[in-house]
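Colleague: Please read through the structure below; I'll follow up with questions.
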Amino acid sequence: MHVGIEGNPAPLTTFTSLSDHKIWFNQADKEGNFTINIAKMNCTNTDSYILTCENSIGEDSRTEDIYVACVPDPVTNIHANGITTSEARIDFTTGNAFNTEQFFYIMRITDGQLQDLHVNVTDIGDDSGGKPFFVTIKNLNQSTSYNITVISGNRLGNSTGPSSFVNFETYGKPEPDQKFVVNKTFKPRLGESVSLIIHSRGKPPPSYTWLHNGTLINSTGDNDTSIVDLEAIVVDNFGIYNLTMDNIYGTYAVEYEVLADGPPEPVSNVLVSNINFTCAHIHFTTGYNYNSTQTFIIKEYIDGHFKELMNCKDVTAGKGGEPFTCELCDLFEDTLYNITVVANNSRGESEHNPESVKFSTYGKPKPDPDHPSNTTFKPRLGNTVTLNIHVISHPPPSFAWVHNNKDVSSVDTNQSSAVDLKNFEVKDFGEYLLNVSNEVGSFLRLYEILADGPPDSVTDLSYTDVAADSVELHWKAGFDYGSTQTFQVHGTVNNKALQNVSEIQDSTGGKGGSSHFKLEHLESSSQYIITLTAKNAKGEAKKSNEVSFTTQGEFLS
C-alpha cells in the first residue's frame, strides 16, 4: 500500500489493525511517499486497519478495509432430518466464507470414495461461519443406507481439512438385502437339517410371516433377519414355505422349496414267516418314497453278490413307517436263503439295507456251514468240554444226544444245541451220538472224546517198612489215557544216582488209584531220595513229590 505523508515537524506514521491493535507499520520523524508491506497475510488478516500520522501540532488518520481471499472453512454439525422414501434434508453449520460467495456440494461416501450427488447450493450473503444451513436431496433410493458429507467451496477452491458426515437410511418397503446370497431350494434327506434365511432391508423394519403349506409357523431373528430352522427333517417338513415381509410402505413375498427328491429311504425290520417248501412271507417296515412311487426288490445275497428274486409295488401312501409284506415263492426245497429288501423309485435305488434275514425252506435239518463245529476232542481230566452244533432247519428240529447208551442233557434253541461237560472225568470219554430231526427228516453226527496223551502224574508218594535192603512205596496212580502205563523210580542214594531200577507195572487197570510196590536190593545204612514218574506210549508225566528215608544197618565209625 502506497501513502504520502506531509507534516512539520516530521510526523510519526503507524498502520494498525483495529481488531487486535497490532501495529503492522511504524515510521518516525519522516515525511514523503511510503510503501506499507504486510507479509504472509492469511485468512485471519481480513480486518479494518487505521493509518495514523501525528506530530506535536496535531494528528490525522484514515481507515482502510483489507479483505484476504481464502477457501471456505469446512461445514460442521451435519445431521439428517425429514427423511422419506426418496428425500432427506441435510442440516449443517456453515464455515467462514471469508467474504466470498461459497457453494455447498452434497457428496456420498461409498467404500471410502466420494460420489457427487449433483446437489449444489450457493450460500447467499456475507457469511463468516456458524450459520445454520440446510440442503434437501431428492431422488434417493428407498430402503437404502447413505453416508453423506458436505464440501464447501468458492472461486479459489474447496474447503480442506476433516468434515463431519451423517449416516441415515431412507424409508421404503422391505426387500431382500442384495449383499447376502441365500438358497431358496433345498433337497434334504430325512434326519438332515435345513435353515430358511432372509436378510432384509426396509425402514421401518418389517414384520415377517412364514407359512408352510398354508399353516403359520414360528421363526427367529432380528429386525433385518428371519430364520426358520428345520432340524432332523421329517416327512411333514417337505413342501412350500411362503415368506411375507410387511411394513407401512409395502410388502415383499418370496417362496422357498423344501423338496422331497432322490431315491427312497431303506426299509427296516426285515422278518420272515410262513415258510414252507417253496414259499415264504417277507415282512418289513417301509421307508419314505420321496414323492416317487417305490417298488420293493427282494434280493438274495450269494457269494458277495446280490441276485434279484422278485419285486413288489408299494401300495401304501409312501410316507414310510408302515408294515408291508411280500410273498416270495418259487424257492427251492431244503435251501438256505440270505434275503434283504431294497427300495427303488424313478430317481434311484435306496442304500442296501444292512438288515438281512436267513431262513431255510422246508426240508430235513442240516449243519449250518457258517457255524462249523468241532467233533473230536482230547481233553485232560478236570477240563471242560463243550459239544455243540448249529443247524439250518425248517421246521425247527429236536436234538437227542446219547453217550454209552444213555441220554445226555443239552441246552437247545431252534437252530443250535450244546452239551457242557465240566470237570471232565474218566467216565466222560468215548463217543457221543447226536440225532437232529424234524418232521421232514434227520441226520446223525458222531462226536469223539478221546483219551490221548501221557498219563497223569503220580501223587501222594510215601513209604513204610524201611529195612536194611528194602522199602515199601505207596502212591496214587493217575489215569493212563488208554495206553498202558508203567512207573519209574528216580532218585539218589548217598547223593549218587540210582542205577538199574526196574519199571513198575500198573496194577490199577489204567484208571488210577492207590498203588504200592516193594523196592528191594537196597544198600544198608544208606540215605535215599526217591520220586516216581508215570509214562505210557504217548509220553511221560511230571515227577511226583519226593520222599527221603535211610535204610537200616550198622554205621561204621
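The values are calculated or read from the model by the stated rules, or taken from the named source; none is laboratory data. In this text, all values refer to a predicted model and were calculated from it rather than measured experimentally. Reconstructed Cβ throughout: ideal geometry from the backbone, glycine too, with neighbour counts over all protein chains shown. Only protein heavy atoms, including side chains, enter the accessible area calculation; ligands, DNA and RNA are left aside. Shrake-Rupley method; radii C 1.70, N 1.55, O 1.52, S 1.80 Å.
Colleague: Among the residues of the stretch 441-448, is there at least one that is more than 29 Å from A477 (Cα to Cα) and not in a strand (DSSP E or B)?
Modeller: yes
Colleague: Looking at (1) at positive phi; (2) part of a loop (DSSP other than H, G, I, E, B); (3) open to solvent by 60 Å² or more (accessible area, probe 1.4 Å), which is the only condition G129 fails?
Modeller: Only one criterion in (1) at positive phi; (2) part of a loop (DSSP other than H, G, I, E, B); (3) open to solvent by 60 Å² or more (accessible area, probe 1.4 Å) is unmet by G129, namely (3).
Colleague: If only one of K40, K30 is of a type in the set (K, R), farther than 30 Å from Y249 by Cβ and free of Cβ contacts under 8 Å to residues at least 12 places away in the same chain, which one is it?
Modeller: None of the others qualify; the one that does is K40.
Per-residue answers, yes or no, for (1) assigned to a loop (DSSP other than H, G, I, E, B); (2) in contact (Cβ under 8 Å) with a residue 12 or more places away in the chain; (3) of a type in the set (S, T, Y); (4) under 30 Å from D236 (Cβ atoms):
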residue: T122; (1), (2), (3), (4): no, yes, yes, no
residue: V135; (1), (2), (3), (4): no, yes, no, no
residue: K173; (1), (2), (3), (4): no, yes, no, no
residue: K179; (1), (2), (3), (4): yes, yes, no, no
residue: L196; (1), (2), (3), (4): no, yes, no, yes
residue: R201; (1), (2), (3), (4): no, yes, no, no
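Colleague: Restricting the first residue to the stretch 5-25 and requiring it to be on the phi > 0 side of the Ramachandran plot and aromatic (F, W, Y), which pairs with a second residue that is open to solvent by 20 Å² or more (accessible area, probe 1.4 Å) and part of a loop (DSSP other than H, G, I, E, B) meet a Cβ separation below 9 Å and a spacing of at least six or different chains?
Modeller: Close Cβ pairs (under 9 Å, with a partner that is open to solvent by 20 Å² or more (accessible area, probe 1.4 Å) and part of a loop (DSSP other than H, G, I, E, B)) do not exist here.
Colleague: Please work out which residue is nearest to the chain's Cα centre (by Cα), limiting yourself to the stretch 97-120 and to residues that are open to solvent by 40 Å² or more (accessible area, probe 1.4 Å) and over 29 Å from K179 (Cα atoms).
Modeller: N120
Colleague: Within the stretch 245-253, is there a residue that is in a strand (DSSP E or B), of a type in the set (D, E, K, R) and either within 14 Å of K173 (Cα to Cα) or in contact with a Lys or Arg (Cβ under 9 Å, 6 or more places away or on another chain) (or both)?
Modeller: yes
Colleague: Would you tally the residues in the stretch 203-256 being closer than 19 Å to E192 by Cα, among the small types (G, A, S) and exposed (fewer than 14 other Cβ atoms within 10 Å of the Cβ)?
Modeller: Residues in the stretch 203-256 being closer than 19 Å to E192 by Cα, among the small types (G, A, S) and exposed (fewer than 14 other Cβ atoms within 10 Å of the Cβ): 1 in total.
Colleague: Can I ask one more? For S143, are the conditions met, namely being surrounded by 13 or more Cβ atoms within 10 Å (Cβ to Cβ), out of contact with any His (no Cβ under 9 Å at 6 or more places or on another chain) and not in a strand (DSSP E or B)?
Modeller: So S143 fits the description; yes.
Colleague: Return yes or no: is L461 closer than 15 Å to T551 by Cα and surrounded by 16 or more Cβ atoms within 10 Å (Cβ to Cβ)?
Modeller: no
Colleague: Would you point out the residue of the stretch 60-74, among those that are in contact (Cβ under 8 Å) with a residue 40 or more places away in the chain and in a strand (DSSP E or B), that is most open to solvent (accessible area, probe 1.4 Å)?
Modeller: Looking at the filtered set, the residue picked out is T63.
Colleague: When the residues of the stretch 181-202 are narrowed to those that are buried (at least 19 other Cβ atoms within 10 Å of the Cβ) and over 27 Å from the mean Cα position of the chain (by Cα), which ends up nearest to G262 (Cα to Cα)?
Modeller: Among residues in the stretch 181-202 that are buried (at least 19 other Cβ atoms within 10 Å of the Cβ) and over 27 Å from the mean Cα position of the chain (by Cα), the one nearest to G262 (Cα to Cα) is S200.
Colleague: Among the numbered conditions (1) more than 30 Å from N247 (Cβ to Cβ); (2) without any contact (Cβ under 8 Å) to a residue 40 or more places away in the chain; (3) within 60 Å of the chain's Cα centre (by Cα), tell me where N77 comes up short.
Modeller: With respect to (1) more than 30 Å from N247 (Cβ to Cβ); (2) without any contact (Cβ under 8 Å) to a residue 40 or more places away in the chain; (3) within 60 Å of the chain's Cα centre (by Cα), N77 is out only on (2).
Colleague: Sort out for me the strands (runs of 3 or more DSSP E) sitting completely within the stretch 466-557 that have 1 or more residues that are touching a Lys or Arg at 6+ places or on another chain (Cβ under 9 Å), open to solvent by 30 Å² or more (accessible area, probe 1.4 Å) and within 27 Å of D452 (Cβ to Cβ).
Modeller: 486-493, 513-519
Colleague: Sticking with this one: Restricting the search to the stretch 403-440, which residues are touching a Phe, Trp or Tyr at 6+ places or on another chain (Cβ under 8 Å), part of a strand (DSSP E or B) and open to solvent by 50 Å² or more (accessible area, probe 1.4 Å)?
Modeller: Within the stretch 403-440, D407, D412, E431, L433, N435 meet the criteria.
Colleague: Being closer than 15 Å to N345 by Cα and of a type in the set (V, I, T) is the filter here, so list the residues in the stretch 308-328 that pass it.
Modeller: Passing the criteria: V315, T316.
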